[in-house]
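Colleague: Just passing along the structure, written as structure tokens.
The values are calculated or read from the model by the stated rules, or taken from the named source; none is laboratory data. Since this is a predicted model, take the numbers as computed values, not measurements. Cβ placement follows ideal geometry from the backbone for every residue including glycine, while neighbour counts extend to all protein chains displayed. Side chains included, ligands, DNA and RNA excluded: accessible areas come from the protein's heavy atoms. Shrake-Rupley method; radii C 1.70, N 1.55, O 1.52, S 1.80 Å.
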Amino acid sequence: MIDLLKDLWLFMRERKKFWLAPIIILMVALGALLVLAQGSAIAPFIYTLF
């Protein structure tokens, strides 16, 4: 996992594609939110956002 993040950072730094960072962070945050809230009581409220 660390190697993946390192390679992704090197790719963005070398090709000057820093605009990808907020997109990747947002996708990871939304994915983590869906995984963590899957079995909780707030799941119906999260699913209404999508």
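Colleague: Given a Förster distance of 25 angstrom, what is the FRET efficiency for residue 45 paired with residue 20, based on the Cβ-Cβ distance and rounded to 0.05?
Modeller: On the way: r = 30 Å, r/R0 = 1.18.
After rounding to 0.05, the efficiency reads 0.25.
Colleague: Accessible surface of residue 4 in the full protein assembly, 1.4 angstrom probe, to the nearest 10 Å²?
Modeller: 110
Colleague: Follow-up. With every protein chain kept in the model, how would you rank 20, 49, 10 by accessible area, 1.4 Å probe, largest at the top? Can you show the working numbers first?
Modeller: Numbers: 20 40, 49 130, 10 65 Å².
The ranking, largest first, comes out as 49, 10, 20.
Colleague: Also, quick follow-up: Using all C-alpha to C-alpha distances in the chain, build P(r) with 10 Å bins and read off the rounded percent in each one.
Modeller: With 10 Å bins starting at 0, P(r) equals 22, 38, 22, 17, 1.
Colleague: R0 = 30 Å: FRET efficiency of residue 6 with residue 38, Cβ-based, nearest 0.05?
Modeller: Taking R0 as 30 Å, the efficiency between residue 6 and residue 38 is 0.55.
Colleague: Here's something else I'd like to know. Could you give the size of the charge dipole of the chain about its Cα centre, using +1 on the Cβ of each K and R and -1 on the Cβ of each D and E, expressed in debye and rounded to the nearest 20? Before the final figure, lay out the partial values.
Modeller: Numbers: 5 positive and 3 negative charges, 49 e Å.
Using only the charged Cβ atoms, the result is roughly 240 debye.
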